[in-house]
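The values are calculated or read from the model by the stated rules, or taken from the named source; none is laboratory data. Please read all numbers here as calculations on a predicted model, not as lab measurements. Here the Cβ is made from the backbone with ideal geometry for all residues, glycine too, and neighbour counts use every protein chain on show. The protein model used for the area step is the full one, side chains on, heavy atoms only, and it has no ligands, DNA or RNA in it. Shrake-Rupley method; radii C 1.70, N 1.55, O 1.52, S 1.80 Å.
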Amino acid sequence: MKTGQMPRLALPPAVITQDPEPLHQHRRLAILRRLLNHDSLPLRARIAAALVLLYAQPVSRIVRLTIDDVSDDETTVTVRLGDPPSPLPEPVADLMRAYIQSRQHLPYASSRSSQWLFPGRQPGQPMNPVSLQVHLREIGVPPQRGRTSAIRQLVLQAPAPVIAKALGYHDKTATRLVTEAGGTWSRYAPGVHQR
């Protein structure tokens, strides 16, 4: 363009969008209920969707979970998202048990021996986060909106530092979210408080 060898190109201005509008709490729970009761949907997508809708986990973090991050003591199934590990509620716990057992029937031999909870097609690699997002959208779960809705609801129910530590979020992020959500935990100071 500077030398006159090509016509002037006008690009449209970049549109910067804010975070997408979170799902309404009732809509998020309705999607979760449908996933838990719909046996014809892929188990992998149902588990990933539950982690997004219950624990506000980004897809990029979900694909990095390993089998060692899930523990089952026959009564409780927990997932290490932060510290301490988060317990899965009973219908999701049963799905997680079934999913872990079904991994032995994956179509790729390299995936069966992989330690990734969501193994990819390439040996030793986790599933691509974009692929998982596509799967979630195909079953009617908007990953970003669902995650935003879940984290906002969680920080309204408990102190932001507690949620941040349990789910692997940064303290400042959780504090900002509780303020945005209009919560009352914004001045909570974690730690031992003795007089």
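Below are the figures for this structure:
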| quantity | calculated |
| --- | --- |
| Förster-model FRET efficiency, 30 Å R0, S40 and Q157, C-beta, rounded to 0.05 | 0.40 |
| Charge dipole magnitude, Cβ of K and R +1, D and E -1 - region 34-175, Cα centre, debye nearest 20 | 600 debye |
| Carbon plus sulfur fraction of accessible area for region 53-171, probe 1.4 Å, in percent | 52 percent |
| In Å², nearest 10: area of R145 left accessible to a 1.4 Å probe | 90 Å² |
| Normalised convex hull volume, region 47-107, alpha-carbon set, Å³ per residue | 93 Å³ |
